[in-house]
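One structure is given below, encoded as structure tokens.
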Amino acid sequence: MCLLLVSRPQPARVPPLRRKSTTLPKLSLLHPQGPVIVGTTPPHSRPLALKDIFVNAYLSLGTCYQTLGSFQAALVEYDKAISVDPTNFGPYIVRAGLEAVMGNTGAATDDDATALRLAPPQAPSYVAIAASFASFADFADAVTTMNKAIALVPDDLSLYEQRAGFYLQAKDAARAYQDYERAINVAASTAARATVYADLANVYDQQGDFQSAERAIAFAIRLAPYSAHFYVQSGDIHKDAGAAPAALVLYDQALRRARLGPDAAAAHEAKGDVLASLGHIKQAVAEYRAALRLLKEPGPRTAVKGKIKAARSGQS
């Protein structure tokens, strides 16, 4: 809920003397991709500090209107934020997000382009703008913006994975796979390299290329043989490929590495799914019950209880 608070007038009083602070707190802009830092203003720049405060106030009010579905009113507030500080790239990203929701992708593209022109040459700024472009399927500009981020930090594997995600959304799997290979090559540790292989395996799995997925997750397991999570993922890939016996073996290997925790719960539940598909209802229910003993959140517990009920009804 968005509330506007109006303070009651207070009697005038003489404030006590205080030591002047050398810095003011950072202010952040609200937008769909997360906070954009406006900056820290030194005390000798009081007008700029007031400008930041007004920008954030307009953006906050606009966000309230947008949350309530009053898009035109929100747009007015975002316009005010930009008029107060037209050189701040953050409000343009916020307004672009609303314009995209309203179906005006042309205006959204223009605002993101302006943000790109005004943004400081920093990878986080470029990533935020790229995400905004991608939010309304402008993947070409999203990739171009990610190129700028990667040029600044060429050893950051996460940037290659993010760009790969945009390539995948643009249906350009070949370039996405190339970026995953680049991420693997720049990974600074064995664990990081294993995680990228696992991410790549997930992409292959979603694309239906199970052989490549199995190969990628095998590399991840080779690099991190004690990770129960990778064994669960490998089991899922084999299950998707229709290799039920191999999937069961992999889930058992995961459980040998993790008896408790989310990986163990996932292994028990997935093993129950495979057993149920094979008609082994009693064994499937036993696995589901084992998962229930480990799950804490109401949502996942409800889902597993539903599977138990479905398995039993199918048996009868």
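The values are calculated or read from the model by the stated rules, or taken from the named source; none is laboratory data. Given the structure is predicted, the values throughout are model-derived calculations rather than measurements. Counting neighbours? That spans all protein chains shown, and the Cβs are built from the backbone with ideal geometry, glycine included.
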field: Yes/no for residue 125 being surrounded by 21 or more Cβ atoms within 10 Å (Cβ to Cβ) and assigned to a helix (DSSP H, G or I)
entry: yes
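Looking for whichever is touching a Leu at 6+ places or on another chain (Cβ under 8 Å), farther than 25 Å from residue 212 by Cα, in a helix (DSSP H, G or I) and not aromatic (Phe, Trp, Tyr) here; the options are 304, 285, 232. Which one fits?
Working: 285 fails: touching a Leu at 6+ places or on another chain (Cβ under 8 Å); 232 fails: farther than 25 Å from residue 212 by Cα.
The unique qualifying residue is 304.
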- prompt: If you go through the stretch 234-245 one residue at a time, do you hit one that is under 30 Å from residue 127 (Cα atoms) and surrounded by 18 or more Cβ atoms within 10 Å (Cβ to Cβ)?
  reply: no
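When you check residue 131 against the structure, is it touching a residue at least 60 places away in the same chain (Cβ under 8 Å) and in a helix (DSSP H, G or I), yes or no?
On the way: touching a residue at least 60 places away in the same chain (Cβ under 8 Å): yes; in a helix (DSSP H, G or I): yes.
Yes, satisfied.
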task: For residue 227, state whether it is more than 29 Å from residue 313 (Cα to Cα) and either under 26 Å from the mean Cα position of the chain (by Cα) or not charged (D, E, K, R) (or both).
output: yes
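Give me a count of the residues in the stretch 65-83 that are surrounded by fewer than 18 Cβ atoms within 10 Å (Cβ to Cβ) and hydrophobic (A, V, I, L, M, F, W, C). Even if it seems obvious, please write down each step before you answer.
Filtering the stretch 65-83 for residues surrounded by fewer than 18 Cβ atoms within 10 Å (Cβ to Cβ) gives 67-73, 76, 79-80, 83.
Now restrict to residues that are hydrophobic (A, V, I, L, M, F, W, C): 68, 71, 73, 76.
Final tally of qualifying residues: 4.
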field: Residue list for the stretch 169-196, restricted to those being charged (D, E, K, R), more than 20 Å from the chain's Cα centre (by Cα) and outside any helix (DSSP H, G or I)
entry: 172
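Please enumerate the residues belonging to the stretch 254-273 that are surrounded by fewer than 17 Cβ atoms within 10 Å (Cβ to Cβ) and over 21 Å from residue 303 (Cβ atoms). First the steps, then the outcome.
From the stretch 254-273, those surrounded by fewer than 17 Cβ atoms within 10 Å (Cβ to Cβ) are 256, 259-262; that's our starting set.
Selection gives 256, 259.
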- request: For residue 132, state whether it is of a type in the set (Gly, Ala, Ser), surrounded by 21 or more Cβ atoms within 10 Å (Cβ to Cβ), at pLDDT 95 or above and within 20 Å of residue 253 (Cα to Cα).
  value: no
query: Identify, please: which residue in the stretch 280-316 is of a type in the set (Lys, Arg) and under 34 Å from the mean Cα position of the chain (by Cα) and is, among those, surrounded by the most Cβ atoms within 10 Å (Cβ to Cβ)?
result: 307
